[in-house]
1. If I take all pairs of Cα atoms in the chain, what percentage of them are more than 23 Å from each other?
2. Once the Cβ-Cβ distance between L36 and H56 is put in as r, and R0 is 22 Å, what FRET efficiency do you end up with, to the nearest 0.05?
3. Quick one: work out the % antiparallel among DSSP beta bridges in segment 17-158, nearest 5.
4. Keeping all protein chains in place, calculate the accessible area per residue for segment 1-79 (probe 1.4 angstrom), answer in Å².
5. Enter the accessible area of E89 (Å², nearest 10), with the probe set to 1.4 Å and all protein chains included.
6. What helices in the chain pass both tests, a Cα length along the helix axis of 18 Å or more and a mean Kyte hydropathy of -1.0 or higher, using whole DSSP H runs?
7. Can you give me the distance in nm between label points at N117 and E97, each placed 7 Å from the Cα along the Cα-to-Cβ direction?
8. Number of Lys pairs in the chain with C-alpha atoms less than 25 angstrom apart, excluding same-chain neighbours closer than eight positions?
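The values are calculated or read from the model by the stated rules, or taken from the named source; none is laboratory data. None of these values were measured; they are calculated from a predicted model. Cβ coordinates were reconstructed from backbone atoms using ideal geometry, including for glycine residues, and neighbour counts include every protein chain displayed. In case anyone asks, the SASA skips ligands and DNA or RNA and just uses the protein heavy atoms, side chains included. Shrake-Rupley method; radii C 1.70, N 1.55, O 1.52, S 1.80 Å.
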Amino acid sequence: MYLFYAPDIVASPVLPEEESAHCVQVLRRTAGDGILVTDGVGNLYHCEITNPHRKHCEVRIKAVEQPAPLHEGRVHIALAPTKNIDRTEWAIEKCVEMGADEITLLLCDHSERKTVNQERLQKIVISAAKQSLKTRFPLLHPLTGIADLQANGDRFIAHCMTEEESASLRAAYRPTDTKQALQHCITRGHETVILIGPEGDFSPTEVEWALKNGYRPVSLGAARLRTETAAVVACHTAILINE
């Protein structure tokens, strides 16, 4: 089964040029064939091709449904882009496949990459969402400073340092701030935001800010993980608990 994306399918029952080319030229679909189309906001349209044009394939909507969400709550992964952008693209792709609802790119004190191609990353989100048959595409936010992140619900920061490694953190830590495994902290059905730092980890200033603003420090396991691996592990953990 293949899922096509047409954000304006109701107002204009025509596949976008790229989708039309794939449908008609690559998949060889023709007039009368049935296809599935999503608008990316939760609707699944059962359509019939009426004019198989390679640039503007026209369809007729026969039925529409709204598939139930694959998990409860909302999962928001905020990660710092890696120096090697391929690793970030891979992490975004996998988080979308697993069902992340929001993804934010973090601009951190220790970030080695301070620019991204937002348009390319958005295309990766769309491609991964279609491939995994998602009808509701996640929101992809641009590079954002940690203090400017729009985060609601239960908030966590997966930093690597210990309290003893930074004197500035000692005043910020509370008795309840001892690191716990992420899977023991997530509440099913809640909105969950998880911060994943850059290769050099969050700075003490960022960790201190997070602790003072309601973020709980969490562990993703005993092993030291790469940024992109940590993002995928965090997303997978949150999704599984909410399924």
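1. On the way: 15706 of 29403 pairs.
Everything past 23 Å amounts to 53 percent.
2. It comes to 0.75.
3. Working: 13 of 22 bridges.
So the antiparallel bridges in segment 17-158 amount to around 60 percent.
4. Working: 4250 Å² over 79 residues.
Using a 1.4 Å probe on heavy atoms only, each residue of segment 1-79 averages 54 Å².
5. 20
6. On the way: long enough: 85-98 (20 Å, -0.33); 118-131 (20 Å, -0.46); 227-242 (23 Å, 1.16).
Membrane-span-like by this rule: 85-98, 118-131, 227-242.
7. Between N117 and E97, the simple spin-label model gives 2.1 nm.
8. 15
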